[in-house]
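Structure, as structure tokens:
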There are 2 protein chains.
Amino acid sequence: MKIAITGKGGVGKTTLAGLLARLLADQGDTVLAIDADPDANFGSAIGITPEALATITPISKMKKLAEKRTGAEGDGMYSLTPHVADIPDKYAINHEGVKLLLLGTVEQGGGGCICPEHALVRTLMKHILFQKGESVVMDMEAGIEHLGRGTAESVDALITVVEPGSRSIQTAKQIQSLAADIGLKNTFVVASKVRNDEELEFLQANISEATLLGILPMSEDVRKADMHNVAPYDLHGEIVEAARGILQRIEEELNQ
Amino acid sequence: MKIAITGKGGVGKTTLAGLLARLLADQGDTVLAIDADPDANFGSAIGITPEALATITPISKMKKLAEKRTGAEGDGMYSLTPHVADIPDKYAINHEGVKLLLLGTVEQGGGGCICPEHALVRTLMKHILFQKGESVVMDMEAGIEHLGRGTAESVDALITVVEPGSRSIQTAKQIQSLAADIGLKNTFVVASKVRNDEELEFLQANISEATLLGILPMSEDVRKADMHNVAPYDLHGEIVEAARGILQRIEEELNQ
């Protein structure tokens, strides 16, 4: 299963991605987590310390290795990583059954965009071979540019996170439309930061055409987790149970 | 005065940008508001209706006009818009003294990145001529890629919004470092969504090296404004007064 999480900035994408990655790992899956946001913080939502994160070589640096190993120009990602299990440890960090890869960040102000890095992730997603019991969870950058780049074009499901507000709904609608352009059929919505029935009804009324997988309630735990730099999953609160229900729905939808 | 607002997704960038634009206009300035986020919602934070927003031609389409008018290839933006007042009405919408321009969105999934649009905004910012009583407020896309592109390299002040959490602080630190690379000297921080002294102390302890311009408290008004698609400024709450104090601090800092 390859899933990507998207949505407006700050709605709870990384929180959901971290919960799903940890839940899949606890089910016994080998989980590849890909932080496709140059402003990367998927690692902390998985529970990886900043010190450990600093040791990872980002995917953007794999290109040179690919060329070296295959002797070929071009992205060479297919030869480098035919199987999830083959991704070199240098490029990933393991935590509680989740193997994290980083897209790579902006290293120098004025140094240019990160289009090449996105192209590498797109190729990796397209060519990676899966065995039963392997999953990929990809945390996308905020907003919609990744859809222009087609970074997530090969995923099985694109999940858009929305919060009770017009702006995240506007983003979600644009995402659904752009996802259709690149042929993504399985697009779903998760409601986040919901505090009461009024807010839930507002969301339901405004995303009535989308398949709502579930609700992540507004959680003091998540706020505390961010302040203390721990994974929401490790707080074992109601948000973990909510994510468990969402994962079950994803599996049901994809098995249909 | 040319200012740009940046930060992690969802921290309150667009809310602050909308408040500052409207406050500057109320002071009598001619304000040019630029939505430099392809996932654009600066307009609604200024108070412009979705119907009116839909009539604007984005900046990305100005390129052709520039070539046509000047008879030259290249971006031609200098010739097109030497003065703030000269920006054609077709490309802007006026609301309560604020003239809004849009960068342009991702029009087609898989259609590519928005690097050319960023290059146009960068050129516009660099060459536009100011008269006394004219201001630009630019709302950047979430995260850090715009700093790789140098979109805001010509602003007088770059303001990073942070909320009480490790992730937005991590983003802010990276922004400060990348901003230094492109020669931005006046970088400031605004604390957002602060609920109590504990959270404020957390932020102050973690951004102690940055100049804190002020605090936007956590506001039920802002949440409601987003649900009902109105500008936070038009609710006249404590958040407007907080933004007024922040604007005063910006003016003081830049006049030093």
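Evaluate the following for B:Ile87: is it within 14 Å of another protein chain (Cβ to nearest Cβ) and either touching a strand residue (DSSP E or B) at 6+ places or on another chain (Cβ under 9 Å) or modelled with pLDDT of 95 or more (or both)?
no
Scan segment A:2-44 for residues that are outside any loop (DSSP other than H, G, I, E, B) and charged (D, E, K, R) and report the count.
Residues in segment A:2-44 being outside any loop (DSSP other than H, G, I, E, B) and charged (D, E, K, R): 5 in total.
Where residues in segment A:95-131 are in a strand (DSSP E or B) and of a type outside the set (A, V, I, L, M, F, W, C), which of them is least open to solvent (accessible area, probe 1.4 Å)?
Of everything passing the filter in segment A:95-131, A:Lys99 is least open to solvent (accessible area, probe 1.4 Å).
Output the residue which, of all residues in segment A:157-167 that are more than 7 Å from chain B (Cβ to nearest Cβ) and over 14 Å from the mean Cα position of the chain (by Cα), is least open to solvent (accessible area, probe 1.4 Å).
So, considering only residues that are more than 7 Å from chain B (Cβ to nearest Cβ) and over 14 Å from the mean Cα position of the chain (by Cα), the one least open to solvent (accessible area, probe 1.4 Å) is A:Val162.
Please go through segment B:138-156 and give me each residue that is farther than 19 Å from B:Ala33 by Cβ and either open to solvent by less than 10 Å² (accessible area, probe 1.4 Å) or more than 10 Å from chain A (Cβ to nearest Cβ) (or both), ordered by number.
The answer is B:Gly143, B:Ile144, B:Glu145, B:Leu147, B:Gly148, B:Gly150.
Kindly check whether there is at least one residue in segment B:212-224 that is within 12 Å of chain A (Cβ to nearest Cβ), surrounded by fewer than 23 Cβ atoms within 10 Å (Cβ to Cβ) and under 15 Å from the mean Cα position of the chain (by Cα).
The answer is no, given that none of the residues of segment B:212-224 is within 12 Å of chain A (Cβ to nearest Cβ), surrounded by fewer than 23 Cβ atoms within 10 Å (Cβ to Cβ) and under 15 Å from the mean Cα position of the chain (by Cα).
Mind listing just one residue for me: the one in segment A:168-210 that is away from chain B (no Cβ under 12 Å) and open to solvent by 50 Å² or more (accessible area, probe 1.4 Å) and, of those, nearest to the chain's Cα centre (by Cα)?
A:Asn186
How many of the residues in segment A:34-44 are under 20 Å from A:Gly143 (Cβ atoms), open to solvent by less than 10 Å² (accessible area, probe 1.4 Å) and of a type in the set (Gly, Ala, Ser)?
Here the count works out to 1.
Is it the case, given these coordinates, that B:Ile128 is more than 13 Å from chain A (Cβ to nearest Cβ) and at pLDDT below 85?
Taking the combined requirement at face value, the residue satisfies it.
The values are calculated or read from the model by the stated rules, or taken from the named source; none is laboratory data. Since the model is a prediction, treat every value here as computed from it, not as a measurement. Methodologically, a virtual Cβ is constructed for each residue, glycine included, from the backbone with ideal geometry; neighbour enumeration extends over all protein chains shown. Just the protein is used for accessible areas: all its heavy atoms, side chains included, with ligands, DNA and RNA removed. Shrake-Rupley method; radii C 1.70, N 1.55, O 1.52, S 1.80 Å.
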